[in-house]
Amino acid sequence: MSLINLIISDYRTYKKYGSNFFAIVFLTQGFWASFQYRVAHSIHEKIKIKTIRRFIMFPFYIWQKIIEITTGISIPASAKIGHSFYIGHFGGIILNSDTVIGSNCNISQGVTIGVSGLSEKRGVPVIGNNVYIGANAVLVGKINIGNNCIIGACSLVTRDLPDNAVALGVPAEIISYKGSGGYI
């Protein structure tokens, strides 16, 4: 998808949750963060020579830091996020630079997606499509989160979750396979 189409898909997702243009564009910190990410990621992906990329990306790093300070949301330009991304509430959201998130995903405040593990098990989660991640959830390590999953609030996920899993707790346990229908 093109940069414009990705931004429009994010905007439409916010609109689906009942906001109007003014509220989304001027008052919604999650949209600001995803907008900044989309622009920076587009530039990051187009420039393949690292030294040139670092030079050109410098203003985008400053913009990212301003967004991070203002909103409490950190989304590095190198992360990979599919279309229709939605951040339900701002604050305390940290995504690792190697994060991969599928399309039509919804994350809440306080979510951390980070690196963990040792040797060949060290890595960052890969998250499928149509995934809802509840408030203050932590997803770490070289794990795969399937499509249509729900991760409950305050959960710690350190193991793979199959498609349609509903998981919660510390450590997260699968409590059903009803999936994310109705949450996304």
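Quick notes
- Residue count for the range 1-49, restricted to those that are within 18 Å of PHE60 (Cα to Cα), of a type in the set (Phe, Trp, Tyr) and either free of Cβ contacts under 8 Å to residues at least 12 places away in the same chain or outside any helix (DSSP H, G or I) (or both): 0.
- Failed item in (1) out of contact with any Leu (no Cβ under 9 Å at 6 or more places or on another chain); (2) not in a loop (DSSP other than H, G, I, E, B); (3) not assigned by TED's automatic domain parsing to the domain that holds ILE43, with GLY110 passing the rest: (2)
- Looking only at the range 67-83, and only at residues there that are part of a loop (DSSP other than H, G, I, E, B) and in contact with a Leu (Cβ under 9 Å, 6 or more places away or on another chain), the one that is surrounded by the most Cβ atoms within 10 Å (Cβ to Cβ): ILE75
- Each residue in the range 127-144 was checked for being surrounded by fewer than 19 Cβ atoms within 10 Å (Cβ to Cβ), on the phi < 0 side of the Ramachandran plot and within 15 Å of the chain's Cα centre (by Cα), and 3 of them qualify.
- Scan of the range 145-184 for residues that are among the β-branched types (Val, Ile, Thr), surrounded by 18 or more Cβ atoms within 10 Å (Cβ to Cβ) and without any contact (Cβ under 8 Å) to a residue 40 or more places away in the chain, ordered by number: ILE145, ILE150, ILE151, VAL157, VAL166
The values are calculated or read from the model by the stated rules, or taken from the named source; none is laboratory data. From a predicted model like this one, the values you see are computed outputs, not experimental measurements. FYI the Cβ positions are ideal-geometry reconstructions off the backbone, even for glycines, and counts take in every protein chain you see.
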